[in-house]
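Structure first, commentary second.
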Amino acid sequence: MKTLSIIAAVMLLACLMGTVAAAQTPVDQMPTLSEKEQSLLQDLNNPELSKRVKAAQELCERGVLQAVDPLINMMQTDEAFQARIVAACALYELGDKKAFDAIKEQAENDPRQTVRTALRGICQKIDQAS
């Protein structure tokens, strides 16, 4: 559990230090997903926290915009607060406006103070980039 907290903290720091590349690609113009990317999307629902976190990070690194909705769902509903923070960081890095709106909403509504604080930090970065 300590390792996962460290992973979440590192992802948050990387997220807050990164830049926003406000990608707004219509769904019909998105590239077809590879088998690996499809597998990563499925891993967002894996029972193991470490696999969910790794999948979110890798989808972000690959710039998979089809992951926005599943990551929003993860950020809003995952029982592990670390996963919610990592999902928010991945959404921030993907730079999608819909994701930004969801992060701002979750920053006010998450049941855990740690998550609200982390997401408010992300919101500050979003506002600074606008």
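In nm, to one decimal, how far is the Ser50 label point from the Glu105 one, both placed 7 Å along Cα→Cβ?
About 3.4 nm separates the two model spin labels.
What's the extension gain from Thr117 to Ser39 if we count 0.36 nm per residue and subtract their Cα-Cα distance? The partial results should precede the final answer.
Details: separation 78, 0.36 × 78 = 28.08 nm, distance 3.10 nm.
Net length gain for the segment: 25.0 nm.
With θ set to phi - 60°, apply the Karplus curve 6.51 cos²θ - 1.76 cosθ + 1.60 along the stretch 95-111 and write out the HN-Hα couplings as whole Hz, x wherever there is a Gly or Pro.
For the stretch 95-111, the Karplus-derived couplings read x, 8, 4, 4, 5, 4, 4, 5, 4, 4, 5, 5, 4, 9, 10, 4, x Hz, x marking Gly and Pro.
Taken together, the values in this text are just the output of simple stated rules run on the coordinates, not laboratory data. Not measured: the values here are computed from a predicted model. In this analysis, Cβ positions are derived from the backbone assuming ideal geometry, glycine residues included, and neighbour counts consider all displayed protein chains.
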